[in-house]
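Report on the structure given below.
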Amino acid sequence: MTVQDVSWDLSPLVHGEDDAGADRLLDEATQRAQAFADTYAGRLGELEPSAFAAAVAELQEISELASRAGNYAMLRFSIDTADPALGALLQRVQEKGTQIETKLIFFELEWAALEDGRAEQLMAADGLDTARHFLASARRYRPHLLSEPEEKILAEKNVSGSSAWSRLFSEQTSAITVDLPGEEEPVALDSALAQLMSPDREMRRAVAESVTEALAPGLRTRAYIFNTLLADKSTDDRLRHYPNWLAARNLSNEASDESVQALLSAVRNRYEIARRWYRLKAKLLGIDVLADYDRIAAVTQDDVPVDWDDAKELVLASYGDFTPELGDPARAFFDDNRIDAPPRPAKRGGAFAAYTVPSEHPYLMLNYTAKRRDVLILAHEMGHGLHAELARPRGVFEQHTPLTLAETASVFGETLVFNRLLAEAQTPESRLSLLAESIEGSIATVFRQTAMNRFEDLVHSARHDEGELAVERFNELWSQSQEEMLGDSVELTEGYRTWWSYVPHFISTPGYVYAYAYGQLLALSIYKRYIDEGESFVPQYLELLRAGGSKSPEELGAMVGIDLADPGFWDSGLDLVEAQLEEAEAAANEALARAS
């Protein structure tokens, strides 16, 4: 099988009924949501505990119905954003989903308004084992909720507001193609960016220039979308009394503003780790100072293509050797056609795992270009998928973890595969190449994502203080945030100033990116416990995955012996990244000594 043959089968989400199935699911959810509102609106606090538990169970079932349809439409659209029929399906599903949401808004508002003692009585009811943490967590939003009519208006307007702008951005970026030297046809943006790993510096420079040219035509449009969403978020934050632009994300992540700032400060204070690597990499590449297009260049000629079947078996062997309890469900992703792997025109860039709903199975979307890095991306997304699979019994309200723990299983799984590759490396060049990719992965996940958070911070503040931002102002703030991280270790070209304009997280999930740094440092710490403890650690790790989002981040960390409340935790995690750097430095210096 080649990667071009690897496409997913979404029919189980809609019981084999295709688009009509999505509509039927939403019609049933709408009818049940109306009946739910007729039965419970205005009297939530009067319910007996057993009746309250029955209401929560019905709410879970309605959410499942709507989520099935929503995931089906989103996944179909993600692999062909240019198809008008799929765009229309997505819009229809979103509009119907919003109608359901507005019928159910009363529950969140009435639940948050209850006195603490009454809420505790209701949460003690039998039958709430898959909802207690969700219910307790929902009450934290009480200071930020509006009246029921206001909440309904915001929900309805969101379909033609921020949700529509986000979809437009996705369509715009998915349509970007790049004219590369030597290629007969333009290639997708993701495929072009993958060429920046080329060992040929002239090739990398030409690719970077071609990417910049490809970003130029829609730049003002993407900047306008970003401006609009920045203003929209600022309005939301003001209406909901959030003290700063990141506070809503932190509340969703169950993280205090102070703990997040401690993470970001700890990482910024260790930017020199990234700079050390880039200075050494310049020596390995035989140049004085790296340019931005050199940052992910291969340091050896070792990066041979990895075909799909080899990648599949490597990932399955890594998870299976850790424990069959992960290896078996990992194989099911392939056997049950729950992966869409090849790059295609108008396909969304990057990679992701979709949890879908607990009564079905998760799916993976990739843009597999046969680079060794793509093998690690497959391992990474498989980790997300396995986290979702093991947490399915937690139900629709508690299957998902907060974003801060969402990267735990993905980074852990990626590390399993990386260490297998390293153990099988047969030459010093191969070992150096892998260690370089490892430290660069950590730099991208910890330091670069923190610099991206800094860009977001600058942009949200500037939009609030200065009004609508010109493209050049975005460029300035992007350059400022990147230069703070890179110092004198990398020279930024003029073209790179516009590369903020294709990053989807800034648009669809403001404030998301720091969760990558949080998750990477947490996952490395968990992996170290596995190395220290061996097989006896495996049951603890599986219990962590099975817990999903049923506990707070601190409680979840404690399940595997991690104290997230420790102020020194982030620095100890960064020490593990520095240890990765030292291992890569040793291999690099050995290579330089052999070459001299």
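Which is in contact with a Leu (Cβ under 7 Å, 6 or more places away or on another chain) and acidic (D, E), of E48, E110?
E110
Which one of these does S489 not meet: (1) open to solvent by 10 Å² or more (accessible area, probe 1.4 Å); (2) in contact (Cβ under 8 Å) with a residue 60 or more places away in the chain?
(1)
For the structure I just gave you, tell me whether V306 is open to solvent by 40 Å² or more (accessible area, probe 1.4 Å), in contact with a helix residue (DSSP H, G or I) (Cβ under 8 Å, 6 or more places away or on another chain) and of a type in the set (V, I, T).
No, not satisfied.
What pairs can you find where one residue is in region 285-314 and farther than 18 Å from D5 by Cα, the other is acidic (D, E) and in a loop (DSSP other than H, G, I, E, B), and their Cβ atoms are less than 8 Å apart, with a gap of 6+ or different chains?
So the pair list comes out as V289/D488.
Could you list all residues from region 403-447 that are open to solvent by 10 Å² or more (accessible area, probe 1.4 Å), in contact with a helix residue (DSSP H, G or I) (Cβ under 7 Å, 6 or more places away or on another chain) and either without any contact (Cβ under 8 Å) to a residue 60 or more places away in the chain or assigned to a loop (DSSP other than H, G, I, E, B) (or both)?
Correct list: E414, F418, L422, A425.
Considering (1) open to solvent by less than 20 Å² (accessible area, probe 1.4 Å); (2) within 25 Å of L25 (Cβ to Cβ), say which one R394 fails and leave the rest.
Against the list (1) open to solvent by less than 20 Å² (accessible area, probe 1.4 Å); (2) within 25 Å of L25 (Cβ to Cβ), R394 comes up short only on (1).
Considering only residues of region 498-541 that are small (G, A, S) and more than 30 Å from L219 (Cα to Cα), which is most open to solvent (accessible area, probe 1.4 Å)?
S536
Checking the conditions here, which among E272, E258, E213 is of a type outside the set (S, T, N, Q), open to solvent by 30 Å² or more (accessible area, probe 1.4 Å) and within 29 Å of R142 (Cα to Cα)?
The match here is E258.
So which residues in region 75-93 are under 21 Å from the mean Cα position of the chain (by Cα) and buried (at least 18 other Cβ atoms within 10 Å of the Cβ), if there are any at all?
Answer for region 75-93, where residues must be under 21 Å from the mean Cα position of the chain (by Cα) and buried (at least 18 other Cβ atoms within 10 Å of the Cβ): L75, R76, F77, S78, I79, T81, L90.
Evaluate region 339-350: report whether one residue or more is of a type outside the set (S, T, Y), open to solvent by 10 Å² or more (accessible area, probe 1.4 Å) and at pLDDT 95 or above.
No, that holds for no residue.
Looking for whichever is over 29 Å from L564 (Cβ atoms), of a type in the set (A, V, I, L, M) and touching a Pro at 6+ places or on another chain (Cβ under 6 Å) here; the options are A388, A370. Which one fits?
Answer to the check: A370.
Which condition number in (1) at pLDDT below 95; (2) closer than 30 Å to G549 by Cα is the one that Y242 fails?
Here Y242 clears every test but (1).
Within region 231-243, can one find any residue that is under 24 Å from E476 (Cα atoms), touching a residue at least 12 places away in the same chain (Cβ under 8 Å), in contact with a helix residue (DSSP H, G or I) (Cβ under 6 Å, 6 or more places away or on another chain) and not charged (D, E, K, R)?
Within region 231-243, one or more residues are under 24 Å from E476 (Cα atoms), touching a residue at least 12 places away in the same chain (Cβ under 8 Å), in contact with a helix residue (DSSP H, G or I) (Cβ under 6 Å, 6 or more places away or on another chain) and not charged (D, E, K, R).
Check A317 against each of (1) in a helix (DSSP H, G or I); (2) aliphatic (A, V, I, L, M); (3) in contact with a strand residue (DSSP E or B) (Cβ under 9 Å, 6 or more places away or on another chain) and name the one condition it does not meet.
(3)
Can you tell me which of (1) of a type outside the set (D, E); (2) touching a Lys or Arg at 6+ places or on another chain (Cβ under 9 Å); (3) within 21 Å of Y512 (Cα to Cα); (4) surrounded by 22 or more Cβ atoms within 10 Å (Cβ to Cβ) is the one H400 doesn't meet?
(4)
Quick check on my filter: what residues within region 207-222 are touching an Asp or Glu at 6+ places or on another chain (Cβ under 9 Å) and of a type outside the set (S, T, N, Q)?
Of everything in region 207-222, those that are touching an Asp or Glu at 6+ places or on another chain (Cβ under 9 Å) and of a type outside the set (S, T, N, Q) turn out to be A208, E213, A214.
Of the residues A131, A124, only one is under 30 Å from the mean Cα position of the chain (by Cα), of a type in the set (G, A, S) and more than 26 Å from R238 (Cα to Cα); which?
A131
The values are calculated or read from the model by the stated rules, or taken from the named source; none is laboratory data. Note that the structure is a prediction, hence the values are computed from the model and not measured. For neighbour counting, all protein chains shown are included, and Cβ atoms are generated from backbone atoms with ideal geometry for every residue, glycine included. Side chains are part of the model used for accessible areas, which takes the heavy atoms of the whole protein and leaves out ligands, DNA and RNA. Shrake-Rupley method; radii C 1.70, N 1.55, O 1.52, S 1.80 Å.
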